[in-house]
Amino acid sequence: MTRWEEKGWQEEDLNKLCLSFFNEIFELKDSSGVDVTIEFARYLNKVGVHPDNYPIFLKLIGMRNHWIVDALLGENDLEDIFNLVQPNYFILKECFQSITRVQRGGIYEKSLIVILSIINRTYKNSIEGYRIYDLKNEDLNNLGKHLDDTQDQRFPLNMKILNILDNIASLVDPAQNEVDLKLNAIAIHANNIRGKFLDMNKSLDEAIPENLLIPGDFNKDEVPPTTK
């Protein structure tokens, strides 16, 4: 007789068991796991993003599987999908981790658009955004590495990233008499990345470490569903 049969199942134990199965499925080791996750993503698409479920959306959006992301996002406006959720530290941390843990170009375009829309909304007021999530140079480097230097500044993804960098470059609080050196350093670095991209005589590796600019392949190791 197992300890479960002796004691009986508690709700907390059942929740842990369900979570362990979900985590195993979300590892996407085989096509059946992808199939299940796609169906779950379709269900979430019908429910929509709200303050009680957004962490699951962030987890699926960050997955390197475009079939799952397509099922999750559906025909929704990618710019507005998180509009019902107030930006907070957790959301911003997840967004920056998503663009950090992949190589340049190693994230599905739709996922990147959603992530950039969240970051952009947060830092439209750069001071308020910084109070929510205090940016580091590493965050800016991992944001800037996704600029596509085979395209010009009018390329939609480039425009989004450049706009974010421009807002962050204005990270100076006019209400403060003394210059905040930390804020000033972040603003200077954002402007430096932006400037190096826009200057035809410069290159991004003058602002961003070269190892971050090594291109990746989003489709590498992507596990397909049973039926594409």
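Quick one: is residue 148 farther than 23 Å from residue 65 by Cβ and assigned to a loop (DSSP other than H, G, I, E, B)?
Numbers: farther than 23 Å from residue 65 by Cβ: no; assigned to a loop (DSSP other than H, G, I, E, B): yes.
No, not satisfied.
Condition check for residue 170 on (1) closer than 21 Å to residue 218 by Cα; (2) open to solvent by 10 Å² or more (accessible area, probe 1.4 Å): one failure, at (1).
Would you say residue 49 is farther than 30 Å from residue 211 by Cα, open to solvent by less than 70 Å² (accessible area, probe 1.4 Å) and among the β-branched types (Val, Ile, Thr)? Considered against the rule, which asks whether it is farther than 30 Å from residue 211 by Cα, open to solvent by less than 70 Å² (accessible area, probe 1.4 Å) and among the β-branched types (Val, Ile, Thr), residue 49 comes out as yes.
The condition (being over 30 Å from residue 47 (Cα atoms), part of a helix (DSSP H, G or I) and not aromatic (Phe, Trp, Tyr)) is satisfied by just one residue among 99, 186: 186.
Results for (1) in a loop (DSSP other than H, G, I, E, B); (2) of a type in the set (D, E, K, R); (3) modelled with pLDDT of 95 or more, shown as yes or no for each residue.
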site: 20; (1), (2), (3): no, no, no
site: 49; (1), (2), (3): yes, no, yes
site: 68; (1), (2), (3): no, no, yes
site: 92; (1), (2), (3): no, no, yes
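As a summary of the residue check, residue 130 satisfies the conditions (1) touching a Leu at 6+ places or on another chain (Cβ under 7 Å); (2) open to solvent by 40 Å² or more (accessible area, probe 1.4 Å); (3) among the aromatic types (Phe, Trp, Tyr) except for the one numbered (2).
When you check residue 75 against the structure, is it open to solvent by 30 Å² or more (accessible area, probe 1.4 Å) and assigned to a helix (DSSP H, G or I), yes or no? Here the answer is no, as residue 75 does not meet what is asked. If you go through the range 187-228 and keep only what is basic (Lys, Arg) and either under 15 Å from residue 149 (Cα atoms) or crowded, with 16+ Cβ neighbours inside 10 Å (or both), you end up with 194, 196, 202. Filtering 202, 196, 145 for residues that are touching a helix residue (DSSP H, G or I) at 6+ places or on another chain (Cβ under 9 Å), among the basic types (Lys, Arg) and touching a residue at least 24 places away in the same chain (Cβ under 8 Å) leaves a single hit, 145. The residue that is farthest from residue 199 (Cα to Cα), counting only those in the range 146-163 that are open to solvent by less than 50 Å² (accessible area, probe 1.4 Å) and among the hydrophobic types (A, V, I, L, M, F, W, C), is 157.
The values are calculated or read from the model by the stated rules, or taken from the named source; none is laboratory data. Computed from a predicted structure; not experimentally measured. Cβ sites come from the backbone with ideal geometry, for glycine too, and all protein chains shown count toward neighbours. Note: accessible area is taken over every heavy atom of the protein model, side chains too, but ligands, DNA and RNA are not part of it. Shrake-Rupley method; radii C 1.70, N 1.55, O 1.52, S 1.80 Å.
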